[in-house]
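Structure first, then comments.
The values are calculated or read from the model by the stated rules, or taken from the named source; none is laboratory data. The shown structure was predicted, so the numbers you read here are calculated from the model rather than taken from an experiment. We place every Cβ from the backbone using ideal geometry, glycine too, and count neighbours over all the protein chains shown. Calculation scope for accessible area: heavy atoms of the full protein, side chains included, ligands and nucleic acids excluded. Shrake-Rupley method; radii C 1.70, N 1.55, O 1.52, S 1.80 Å.
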Amino acid sequence: MAHNSISGPSPVYEDYTRCIHCGLCLNACPTYRLWNLEADSPRGRIQQMFRVFQSEANSQAQPEARISDGFVDHIDKCLDCRACETACPSGVEFGKLVEHARARIEREYERSWFAHVVRNFFFCDFLSASHFIEDAARVFRFYQRSGMQAVARGIGILKMLGLAERDRLLPPIDREFFFNRFGSTFAPVGPRRARVAFFAGCIANVTFSELNEATVRVLRANGCEVVVPREQSCCGALSAHAGYRDAARDFARKNLAEFRLDDFDAIVTNAAGCGSTLKEYHHLFSAREPEYELASAFAAKTRDVTEFLAELGFTAKLYPLRHRVTYQDSCHLLHGQKIREAPRRLLRAIPNLDLVELPYSEICCGSAGTYNVTQTEASLQLLAEKMHHIQSTVAQTIVTANPGCILQLRAGVALRNTNQNVLHVVELLDRALSSD
Ligand code: SF4
Ligand code: SF4
């Protein structure tokens, strides 16, 4: 079934007209910084979305008359990084607007047959079933570990097919999948200070198992009992960002049913992209819908792992790490959740760690969900600029707070051959838990 209608609340006139055209967001916008085009700025995109909104409200024009190729192109090129929200003095909720614009595009615009089938499958079916993710992961693991990838790279076939860049962005598949941990409960080390439900993500369970394991260890070391609910599902972020609102709502319903809120002090995630969506589950439902209240309570209980640990207080002993590190803000942590200090505070708690501020760390690295696959060229341009700034810090390790950013930055390290480590904040904390 195609999940491409627009369900739940939609932006109203005031959501668009809140933009006073001041332009304070322009310099914060990665795509405006790249191309210097008003149509690829937040202000320009809002104008285009407003015109589509007005044309729908005021005329009987056919959908294809309202959604032009140009409109789709400018909306597709937006990273949905929400840096414009942070910069905006007028409180424009850009993420909400662009997600609805994308939902409208999915409903009214005819993409190629192939793009339509692939997008429908990925955003609705693939992400919803762990067996699809595990099967695909096994195929890719074979490709990576059997030597096929090395051969394909060596004989240049990936270049001929135009797949070389995408191949570099392919995450290494884990030997063990974190899906095996679903349904487990992990006891705290020492007296229990909190009981948390761990939200483990979807694709991260086959590409970031070690990060998930490290997250559990760090939480346990700080007195948390950690439960990994068995039937949890993808958060729906990728689908919502791509305009598949119904699919995102289905994911939300599954998680609302699976996480028993009264049993936990918090729902904890290590993925800023997921956390941002989980904290906005109530935006997927209108106040009249039966899910709204539970979605609001779910959102209120969700915490990024760095936010949670900083609030709870880090009590486990940390051993010195003689390392120079720099921190890249994840857009959905900084701009989506307004969390800037918590990860830095945790990093500063590690003895001897030399934390160097990264110039322009608030600008997107170009990962942005599936952006590095769908807009590879722009993504690589942003990555090149990011790596330039990272190199100016002379850091041995790059730290961030979102699996997607980790993958992108690892690709940057490989492309530039800088030999740096790229880790999540909790992975560094996990390393500092032992004296080795
Ligand atoms: S979400 Fe990011 S890329 Fe999109 S308009 Fe805002 S700042 Fe620019
Ligand atoms: S900063 Fe806000 S109000 Fe000003 S142009 Fe950008 S979106 Fe509009």
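Some points to look at:
- Among the helices (runs of 4 or more DSSP H) confined to the range 305-360, the ones with at least 2 residues that are more than 21 Å from residue 226 (Cα to Cα) are located at 331-334, 341-348.
- Selection within the range 295-327 - aromatic (Phe, Trp, Tyr) and open to solvent by 10 Å² or more (accessible area, probe 1.4 Å): 308, 314, 319
- Matching residues, the range 350-369, being touching a Phe, Trp or Tyr at 6+ places or on another chain (Cβ under 8 Å) and either closer than 22 Å to residue 80 by Cβ or buried (at least 16 other Cβ atoms within 10 Å of the Cβ) (or both): 355, 358, 361
- Looking across 169, 211, 219, 163, one residue alone is closer than 30 Å to residue 98 by Cα, of a type in the set (A, V, I, L, M, F, W, C) and under 22 Å from the mean Cα position of the chain (by Cα). It is 169.
- At least 3 residues being in contact (Cβ under 8 Å) with a residue 40 or more places away in the chain is the threshold, and among the helices (runs of 4 or more DSSP H) wholly inside the range 149-224 those reaching it are 164-169, 204-207, 209-221.
- All helices (runs of 4 or more DSSP H) inside the range 13-131 with 3 or more residues being within 14 Å of ligand 1 (Cβ to nearest atom): 30-35, 42-58, 69-76, 83-87, 94-108
- Scanning the range 273-294 for residues that are touching a residue at least 12 places away in the same chain (Cβ under 8 Å), surrounded by fewer than 24 Cβ atoms within 10 Å (Cβ to Cβ) and in a helix (DSSP H, G or I) yields 282, 283, 294.
Listed here are the residues, each with its yes/no results for (1) within 9 Å of ligand 2 (Cβ to nearest atom); (2) at pLDDT 95 or above; (3) surrounded by 21 or more Cβ atoms within 10 Å (Cβ to Cβ); (4) farther than 27 Å from residue 329 by Cα.
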{"residue": "1", "(1), (2), (3), (4)": "no, no, no, yes"}
{"residue": "7", "(1), (2), (3), (4)": "no, no, no, yes"}
{"residue": "11", "(1), (2), (3), (4)": "no, no, no, yes"}
{"residue": "19", "(1), (2), (3), (4)": "yes, yes, yes, no"}
{"residue": "24", "(1), (2), (3), (4)": "yes, yes, no, no"}
{"residue": "31", "(1), (2), (3), (4)": "no, yes, yes, no"}
{"residue": "41", "(1), (2), (3), (4)": "yes, yes, yes, no"}
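- When residues in the range 390-434 are screened for being closer than 21 Å to residue 305 by Cα and of a type in the set (A, V, I, L, M), 14 of them pass.
- Of all the residues in the range 67-101, those that are open to solvent by 20 Å² or more (accessible area, probe 1.4 Å) and over 22 Å from residue 333 (Cβ atoms) number 8.
- Among the residues of the range 54-63, not a single one is more than 10 Å from ligand 2 (Cβ to nearest atom) and either modelled with pLDDT of 95 or more or buried (at least 17 other Cβ atoms within 10 Å of the Cβ) (or both).
Matching residues to (1) open to solvent by less than 10 Å² (accessible area, probe 1.4 Å); (2) under 22 Å from residue 137 (Cα atoms); (3) touching an Asp or Glu at 6+ places or on another chain (Cβ under 8 Å); (4) charged (D, E, K, R):
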position	(1), (2), (3), (4)
212	yes, yes, no, no
223	yes, no, no, no
243	yes, no, yes, no
248	yes, no, no, no
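- Meets criteria (on the phi > 0 side of the Ramachandran plot and open to solvent by 30 Å² or more (accessible area, probe 1.4 Å)) for residue 147: no
- Residue in the range 374-389 that is under 22 Å from residue 308 (Cβ atoms) and either surrounded by 20 or more Cβ atoms within 10 Å (Cβ to Cβ) or modelled with pLDDT of 95 or more (or both) present: no
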